[in-house]
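All remarks here apply to the structure that follows.
The values are calculated or read from the model by the stated rules, or taken from the named source; none is laboratory data. What you see is a predicted model; the values in this text were computed from it and never measured. Note that we place each Cβ from the backbone using ideal geometry, even for glycine, and neighbour counts take in every protein chain shown. Side chains included, ligands, DNA and RNA excluded: accessible areas come from the protein's heavy atoms. Shrake-Rupley method; radii C 1.70, N 1.55, O 1.52, S 1.80 Å.
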Amino acid sequence: MNGRLIPVRDISAADERRWRQLAERAIDANPLGEPDCVIPAARYQEFGSEIVLAVVEHQDRFVASLPLRPFRYWYDIHYPIIANRIRRGANMASPLLDPDFAPEAAESLFTTLARERRHLGHLLGLDSLRVGSPVERLLLDTAQRMGLRTYIREDFERGFLVRRPNGDYTGHLNYKYLWNVRSRRRRIAAHFDSGPVLRDRAQDTRALDEFVELEASGYKAGNVALTAVPGDPQYFCEMCTRFARDRRLHLLSLEAGGITLAMLIWLRAGDGFLQLKTAYDERYRCFGPGIILQIDSFSFFHEQTDGSWIDTCASPNNDTFLKLFPDRTRISTILFSLGGRVDAMIVGNMQRIFPAQRLVRAWGSPFKRVAKRIVSQRGSHLSLAE
């Protein structure tokens, strides 16, 4: 097996075809590691020229692929690291591995990155691996067999939904909560002269632009919305358009009286869905349109799709999704050494280094404020003396 790195902006048609074929047979489906996500990300994002695809080849086919970019600052770690965060919000970023050659492909992937670590990054950071998934277990087992050190940077639970034969996805919610939701439905019907209706607008060419505008008009506009970063709206819309073309996108819209109250986006991932983004019109916040949309999406999932699960792709401690979604999935972010002795020592001692970093930062901030105050006071004394 041979491994190599491909700048995504320069990928050839033949390599893109091999990449797509691997995605179709991968152990764990991950649309965010497929060409239709990564190529637009490389094309439009400011750091797109840095995105490379690490691949392992065997007999003219790809058996492993992982999009990566170098970082000098990853989470709170200041060190040269190559990581799979090629877009804002990792969501689900496991590598694609061929089931027929998975152990060998994983080892060759680590070997390829170790060979290039002086140019790209001495450590490998993998965001958002589903704990207990075949890929996560395989990567940890391979790293242990190769003597590579690992450090679990983050481990948390997020909201998840598993298909139920009876279609009951709100039985865990208490009576008062559900009564409030019904009350808000009645208030929407009274305000708009029609009750809220759920539509799938994945094939509506105007829907993506409407979503971008809806997100940018609310509280997310500051730093979360797509419009907060140049290139993000173009990248996201092209990605969604590509997946909609293959019928792998659902863009659910809650509407009343011709007004869009809330929207959410699902991406098909094997036998389930990744919930990438949600937004609601804050002018109608009092009606709770985001909550109503989520609850109605459960019925859509059960009746209109054959999906087995929905992953909220939420950040840690998202109380809304933890309350609404009845199930849980564990997510971890793992740091791997890539063969260097010093690098292995750093990863092996990260459990002690990281708390020390936080302590220094916690003590450092007050001292910085005091120092600035002293400097400013001295400056004012000097100006008075003059």
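Worth a mention:
- Student exercise, region 63-217 dipole from Lys, Arg, Asp, Glu Cβ charges, in Debye to nearest 20: 560
- Most fluctuating residue given options C286, C237, C313, as computed from a GNM of the chain linking Cα atoms under 10 Å: C286
- Relative contact order (%) - criterion: Cα under 8 Å, at least six apart; region: the chain: 20
- Helix-derived mean residue ellipticity, 222 nm - over the chain, DSSP H n ≥ 4, -39500 (n - 2.57), to 500: -13500 deg cm²/dmol
- Placing +1 on the Cβ of every Lys and Arg and -1 on the Cβ of every Asp and Glu, with no other charges, gives the chain a dipole of roughly 1480 debye about its Cα centre.
- Rounded Å value of the spacing that divides the Cα centres of region 1-26 and region 213-257: 27
- Distance from region 111-145 to region 50-75 (C-alpha centre basis), Å: 11
- T142, T205, reordered so the largest accessible area comes first (probe 1.4 Å): T205, T142
- Our compactness index for the chain, the C-alpha radius of gyration over the empirical 2.2 N^0.38 Å, is 1.12.
- A simple count of charges around A269, restricted to other residues whose Cβ falls under 13 Å of its Cβ and scoring Lys, Arg +1 and Asp, Glu -1, yields -4.
- Candidates R87, R182, R43, ranked by Gaussian network fluctuation over the chain, Cα under 10 Å, top entry: R182
- Percent carbon-and-sulfur accessible area, the chain, ignoring ligands, DNA and RNA, probe 1.4 Å: 50
- Highest-fluctuation residue, G288, G270, G125 considered, GNM on the chain with Cα pairs under 10 Å: G288
- Local electrostatic count at A189 - Lys and Arg +1, Asp and Glu -1, tallied over other residues with Cβ under 13 Å: +3
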